[in-house]
1. Pick out, in residue order, every one of the trypsin sites (Lys or Arg not before Pro) in the range 49-106 that is DSSP loop and has at most 13 other C-beta atoms within 10 Å; say none if there are none.
2. Considering only DSSP beta bridges whose two residues both sit in the range 14-248, what percent are antiparallel, to the nearest 5?
3. In terms of the Cα gyration tensor, with a ≥ b ≥ c the square roots of its eigenvalues, is the range 61-106 rounded because a/c is under 1.5, prolate because a/b exceeds b/c, or oblate?
4. Can you sort L6, L307 from fewest to most other Cβ atoms within 10 Å of each residue's own Cβ?
5. Taking the Cα of A43, stepping 7 Å toward and past its beta carbon, and measuring to each backbone N in the range 238-265: which are under 20 Å?
6. Gain in length, V335 to Y89, computed as 0.36 nm per residue apart minus the alpha-carbon separation, to one decimal in nm?
7. In this model, which of K69/K226; K269/K337; K201/K226; K300/K337; K304/K337 are farther than 20 Å apart at the alpha-carbon?
8. Using only Cα atoms, figure out Rg for the chain and give it as a multiple of 2.2 N^0.38 Å.
Amino acid sequence: MSTINLMSDTVTKPTPDMLQAMFAAEVGDDVFGEDPTINALEAKMAKLFGKEAALFCPSGTMTNQIAIKVHTQPLDEVICDEYSHIYQYETGGYASNSGVGINLIRGTNGKVTADQVEAVIKPVQDWLPISKLVVLENTCNKGGGSYYTLEEIRPIRELCERRGLKLHLDGARLFNALVETDEPPRAVGELFDSVSICLSKGLGAPVGSVLIGDADFIRQARRVRKVMGGGMRQAGYLAAACIYALDHHVDRLKLDNDRARRLGEVLEKLDFVESVRPVRTNIVIFDLKPPFTADSFLAKLREKGILAVPFGPQTVRFVTHLDVTEAMIERTIEVLKHI
Ligand SMILES: *Cc1c(COP(=O)(O)O)cnc(C)c1O
């Protein structure tokens, strides 16, 4: 029996058709702007989001870190929810790469409101950091895959305009939200100064994230990418996988979301589960009742060929993705019911 890997949607491997698209890619030196496949991916993403330009990067950490650096100056601060990837999982890069502080909001499942943002914007004083950038995450990983609708983002956009703040979207899993809301990427692009999208998560590309914004922003972003060591040469082989993912793997994200929801429904009924965070997309986060700990529970799952990650001493995360089949979901449900 093959292993069922629910650790993350980053574990997907290229499909045979994706590999063919990669082998067939035309490539060039992208530091000179001469890789036609990367240029095509960047143009495709800019158009999709209604923006002027885009930049291909090796990771979503890099796209986020570049956005923070271009939007801020040292001694500024970034406002975000306490669950944000940029705060939790990017090794404190905002501080070392950009010399900025962070101003955390305790939101709801990783989501913040305009009122919460407005309450923490600092007045301008010589002795205070300057509130410069707001970062939203959609979907929110640590929030259990929660998502914002456009209606919820619009007041935050208006606030940022009124107070002179920039707004960046960490959209690592944005398409998992858009298949639920049926909103077009272009409408999302309109509300943000910059958008980061990961192609290497549920969309199934092996490597790659794209940063999207206006032409001047992306010009500066290219320089920052270079100094971070992210200027790649014939990386069109990777961009080809990303184009393939956009063309073939977006709509099927709905399947991943539905499967996660089913796992959540089963977990809620099990007596060793304390609670399940509302399952909105492809992430299921749940708390276990003692004597189970995350480690002892994960060890039991591993014996049955199911892998997942701890998300706290009593907390576990499952993520569904391209390489988790219907049969694997059914087997996982059977195993859970008999633990
Ligand atoms: C995965 C992820 C990123 C980027 O991660 P990389 O592994 O650096 O590509 C950024 N934000 C969120 C919310 C993520 O889940």
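1. Numbers: sites: K51, K69, R106; in loops: K51, R106.
In loop regions of the range 49-106 (DSSP not H, G, I, E or B), the sparsely surrounded trypsin sites (Lys or Arg not before Pro) are R106.
2. 40 percent
3. oblate
4. Numbers: L6 26, L307 15.
Neighbour counts put them in this order, fewest first: L307, L6.
5. 238-248
6. 85.5 nm
7. As for pairs spanning more than 20 Å Cα to Cα, those are K201/K226.
8. For the chain, the normalised Cα radius of gyration is 1.00.
Just so you know, all these numbers are worked out from the coordinates, no wet-lab data involved. Given the structure is predicted, the values throughout are model-derived calculations rather than measurements. Glycine gets a Cβ as well: all are built from the backbone with ideal geometry, and neighbour counts include every protein chain shown.
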